[in-house]
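K.L.:
Before anything else, here's the structure in question.
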Ligand SMILES: Nc1ncnc2c1ncn2[C@@H]1O[C@H](COP(=O)(O)OP(=O)(O)O)[C@@H](O)[C@H]1O
Ligand SMILES: [Mg+2]
C-alpha cells in the first residue's frame, strides 16, 4: 500500500495529477472516503492533468459525468446507489471501454465493479486541511504498475 499526505486541496489535486500521469485507457479508480474527504477534489486534479478544461463538479445527483481531455474521464458517484441492479444500470464495464473511470463511494457498489482497479481511500488527518490518501492495487494491472505509481507519488509519500 502507498500512503500519501496533503495539507491543502491543491495538494490533493497534485497527488491526483501524479496518478493521472501513469494511467492507461480502461483504468478504474475507486474513491473511498466520507463526505468532504476530497474525492471530488481528487477527480478535479486528475481530470485537469488529462487536459479537461471544463469544471469538474460532484456527480451526486447526475450519477455520472463524462469529460473529454487527452483521454475521456468518466466520473461517477455511487452514494445514492442502493441495489445491485441500480449499480448494474451504471454500465461500468461499458464505460471502461472508453477512457478512465473514477467512482466516488465505489465501495458501495464493489460487487458491480471489475476486480481490477486502484482503490484510493481518503481520510481526515489531524488539522482541518490534512488528508491521508491510501492507495491499494486490486488486481493484476495495478499490482504490476505499483512501482511506477509509487515513483510518481514519491513527493507526498509518508511511508
Ligand atoms: N487536503 C485537502 N484535500 C482535499 N480537500 C480538502 C483538503 N483540505 C481542505 N479540503 C476541502 O475539503 C472539501 C473536500 O470536498 P470534496 O472534494 O467535495 O469531498 P468529497 O467528494 O469526498 O465529498 C473541499 O471543500 C476542500 O476545499
Ligand atoms: Mg464528491
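The values are calculated or read from the model by the stated rules, or taken from the named source; none is laboratory data. Every value quoted in this text rests on a predicted model; they were computed, and no experiment measured them. No Cβ is skipped: glycine too gets one built from the backbone with ideal geometry, and neighbour counts run over all protein chains shown.
K.L.:
For the stretch 53-73, which residues satisfy the criterion of being more than 16 Å from ligand 2 (Cβ to nearest atom) and under 19 Å from residue 18 (Cβ atoms)?
P.N.:
69, 70, 71
K.L.:
Identify, from the list 29, 50, the residue that is under 28 Å from residue 147 (Cβ atoms) and more than 14 Å from ligand 1 (Cβ to nearest atom).
P.N.:
Within the list 29, 50, the selection yields 50.
K.L.:
Considering the stretch 120-159 alone, what residues qualify as being in contact with a helix residue (DSSP H, G or I) (Cβ under 8 Å, 6 or more places away or on another chain), more than 16 Å from ligand 2 (Cβ to nearest atom), closer than 20 Å to residue 102 by Cβ and not in a helix (DSSP H, G or I)?
P.N.:
Once the filter is applied, which keeps residues that are in contact with a helix residue (DSSP H, G or I) (Cβ under 8 Å, 6 or more places away or on another chain), more than 16 Å from ligand 2 (Cβ to nearest atom), closer than 20 Å to residue 102 by Cβ and not in a helix (DSSP H, G or I), the stretch 120-159 yields 135, 137, 153.
Every residue, every condition in (1) in contact with a helix residue (DSSP H, G or I) (Cβ under 6 Å, 6 or more places away or on another chain); (2) at pLDDT 95 or above; (3) more than 20 Å from residue 3 (Cβ to Cβ), yes or no:
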{"residue": "70", "(1), (2), (3)": "no, yes, yes"}
{"residue": "87", "(1), (2), (3)": "yes, no, yes"}
{"residue": "90", "(1), (2), (3)": "no, no, yes"}
{"residue": "94", "(1), (2), (3)": "no, no, yes"}
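K.L.:
Residue 79 fails exactly one of the following numbered conditions: (1) in contact with a helix residue (DSSP H, G or I) (Cβ under 8 Å, 6 or more places away or on another chain); (2) exposed (fewer than 15 other Cβ atoms within 10 Å of the Cβ). What is the number of that condition?
P.N.:
Checking residue 79 against (1) in contact with a helix residue (DSSP H, G or I) (Cβ under 8 Å, 6 or more places away or on another chain); (2) exposed (fewer than 15 other Cβ atoms within 10 Å of the Cβ), the one that fails is (2).
K.L.:
Quick check on the stretch 31-52: of everything there that is over 19 Å from residue 108 (Cα atoms) and part of a loop (DSSP other than H, G, I, E, B), which residue is nearest to ligand 2 (Cβ to nearest atom)?
P.N.:
52
K.L.:
Residues in the stretch 13-30 that are closer than 12 Å to residue 48 by Cβ and within 16 Å of ligand 2 (Cβ to nearest atom): how many?
P.N.:
Qualifying residue count for the region: 2.
K.L.:
Do you know which residues across the stretch 115-135 are surrounded by 17 or more Cβ atoms within 10 Å (Cβ to Cβ) and either closer than 24 Å to residue 25 by Cβ or away from ligand 1 (no atom under 15 Å from the Cβ) (or both)?
P.N.:
Correct list: 117, 118, 119, 120, 133, 135.
K.L.:
Here is a further query. Any residue in the stretch 51-63 that's free of Cβ contacts under 8 Å to residues at least 60 places away in the same chain: show its pairings with residues that are assigned to a loop (DSSP other than H, G, I, E, B) and more than 12 Å from ligand 2 (Cβ to nearest atom) at Cβ separation under 6 Å, as long as the two are six or more apart or on different chains.
P.N.:
Note: pairs meeting the criteria are 51/69; 51/70; 52/69.
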